[in-house]
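The values are calculated or read from the model by the stated rules, or taken from the named source; none is laboratory data. Nothing here was measured: the structure is a model prediction, and the numbers come from that model. In this analysis, Cβ positions are derived from the backbone assuming ideal geometry, glycine residues included, and neighbour counts consider all displayed protein chains.
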Amino acid sequence: MNDRREQLKLVLMLLPALTIVVGLFLGGLLLGLLQSFDYMPLIGRTQPTVQPYLNLFRAPAFLRSLALTAWISLLSTALSTALATLCALALRRDFAGKRLITFLFQLNIPIPHLVGGIAVMFLFSQSGLLARIAYGLGAITQPADFPALIFDPLGAGIILEYLWKSTPFTAIILLAVLQAVSEDYENVARNLGANRWQRFRYVLWPLLLPGMLRASILVFAFTFGAFEVPYLLGQTYPAVLPVLAYRNYTNVDLAARPEAMAMSMVITAIIVALIIAYTKLTEFFVRAE
């Protein structure tokens, strides 16, 4: 009885804040959904239609943006996961200065992505620090000869920022998994004649896989829906989906508003699907344990 009263008390205390947060979120989502079907009574459009979605999937700009967004998200996720795995395996070992190195490795986790994007611009642009250092050392004849990593068609600058930010996040998750695993498994495999690769492949990999998949889904979902870094470091055309949706939304022509909202709904649907996949994977691995 006392536990129920405490739970009810907790719910009542959180209810005002939850009502505001959930109300604003669901209200905005519902408004965006209605506008994505071209339902905007303020300008006389009162007949919902799927035409904005049809126009969207027929538009070359949308398809190019979708391909670019998927490319950046997939490559960022794959590379950060691979680097995070190597870093987690290295940080698992005992070595001099391990505590300091671990602290420095995760130091950028609380830094906002926008700050990281500005740092990437100052470092890797053709007028940035690395270009000037390369020019000073004689490696290039002028700073403009430095590889164009910012505003490039493949989103290299965006991927660099995501690697810088996502690798420690994933590595900390994998490191926690490794630290929870006894070294007895590896010792048994070593005694049976397994080399380092075989110990990783048949002992550590199955243990790391659940955490790796969960972290990868979170990283992919974030990078797919992120706005600030692609807006700062990406090219004008094609732009990633969140940037393209923002530009259509802020267009002075209100006729572009439904397609902007349709893009937002597509992004939302993909991210919701990834969240559901994350939940299902978590449930699966919990049952398996």
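General observations
- Candidate set from region 175-200 (those that are β-branched (V, I, T) and under 22 Å from A215 (Cα atoms)); member that is modelled with the highest pLDDT: V177
- Looking across region 184-204, just one residue is surrounded by 13 or more Cβ atoms within 10 Å (Cβ to Cβ) and in a loop (DSSP other than H, G, I, E, B), and that is A194.
- Scope region 164-183; condition more than 21 Å from L204 (Cα to Cα) and either in a loop (DSSP other than H, G, I, E, B) or of a type in the set (D, E, K, R) (or both); matching residues: K165
- For region 43-60, a tally of residues being in a helix (DSSP H, G or I), surrounded by 14 or more Cβ atoms within 10 Å (Cβ to Cβ) and of a type in the set (A, V, I, L, M) returns 1.
- Residue list for region 79-106, restricted to those being free of Cβ contacts under 8 Å to residues at least 24 places away in the same chain and under 30 Å from V240 (Cβ atoms): A82, L86
- For region 205-228, the count of residues that are outside any helix (DSSP H, G or I) and either β-branched (V, I, T) or modelled with pLDDT under 85 (or both) is zero.
- Residue in region 18-29 that is touching a residue at least 24 places away in the same chain (Cβ under 8 Å) and assigned to a helix (DSSP H, G or I) present: yes
- Residues (part of a helix (DSSP H, G or I), in contact with a helix residue (DSSP H, G or I) (Cβ under 6 Å, 6 or more places away or on another chain) and either within 19 Å of T77 (Cα to Cα) or of a type in the set (G, A, S) (or both)) located in region 142-163: G157, I158, I159, L160, E161, Y162, L163
- So A139, is it farther than 25 Å from M212 by Cβ and not in a loop (DSSP other than H, G, I, E, B): no
- Applying the condition of being small (G, A, S) and closer than 18 Å to L42 by Cα to region 230-268 and asking which residue is surrounded by the fewest Cβ atoms within 10 Å (Cβ to Cβ) yields A255.
- Residues located in region 221-237, provided they are aliphatic (A, V, I, L, M) and closer than 17 Å to V120 by Cβ: A226, V229, L232, L233
- Single match in G116, G136, G155, G128 (criterion: at pLDDT below 85 and surrounded by 13 or more Cβ atoms within 10 Å (Cβ to Cβ)): G128
- Exactly one residue among L68, L79 is modelled with pLDDT of 90 or more and within 20 Å of A215 (Cβ to Cβ), and that residue is L79.
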